[in-house]
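Participant: For reference, the structure I am asking about is given below.
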Amino acid sequence: PTLEDMHELSPTEGRCLQGLLDEEYDEVIDGMMLDFTKLNTNDGSVAELIPDGEATPVTRHNRKQYVYAYVDYVFNTSVKKNFEDFAYGFKKGCSNVMWAM
């Protein structure tokens, strides 16, 4: 998945992430007070995007890594269990080799 995919899924989040990438001034990025976490709006939990993400501030030097990790979390990590459960049920109900994923 790419930032363009994020723009399509959530235009507001996509614009914010693009704005972070486009920002030229360190003090503006520092002022955003971002770290490598994502708040899950469904249940209020906080997901770390990288190990020790809560203690890792986003800077001009690692902002691309942050955006990549954020997009990867939204499109892959956050839905992994749901997809695995779906795939298990699908394979159980449609065991024909034509339906193999």
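The values are calculated or read from the model by the stated rules, or taken from the named source; none is laboratory data. The shown structure was predicted, so the numbers you read here are calculated from the model rather than taken from an experiment. These accessible areas exclude ligands, DNA and RNA; they are computed on the full protein's heavy atoms, side chains included. Shrake-Rupley method; radii C 1.70, N 1.55, O 1.52, S 1.80 Å.
Participant: Hey, how many Å between the Cα centroid of segment 1-26 and the Cα centroid of segment 62-77?
Facilitator: 11
Participant: Still on this structure, I have one more. Note down the Stokes-Einstein diffusion coefficient of the chain in µm²/s, whole number, using a Kirkwood radius over alpha carbon pairs, 20 °C, and 1.002 mPa s. Each step should come with its number before you reach the end.
Facilitator: Details: Rh = 15.4 Å.
D, rounded to a whole number, is 139 µm²/s.
Participant: Separate question: Report, ordered by chain and residue number, the lysines lying within cross-link reach of Lys92, taken as a straight Cα distance under 29 Å and ignoring same-chain residues fewer than 8 apart.
Facilitator: Within the straight-line limit of under 29 Å, Lys92 reaches these lysines: Lys80, Lys81.
Participant: On average, how much accessible surface per residue is there in the chain, in Å², for a 1.4 Å probe, leaving out ligands, DNA and RNA? Write down the numbers at each step before the final one.
Facilitator: Numbers: 7310 Å² over 101 residues.
Using a 1.4 Å probe on heavy atoms only, each residue of the chain averages 72 Å².
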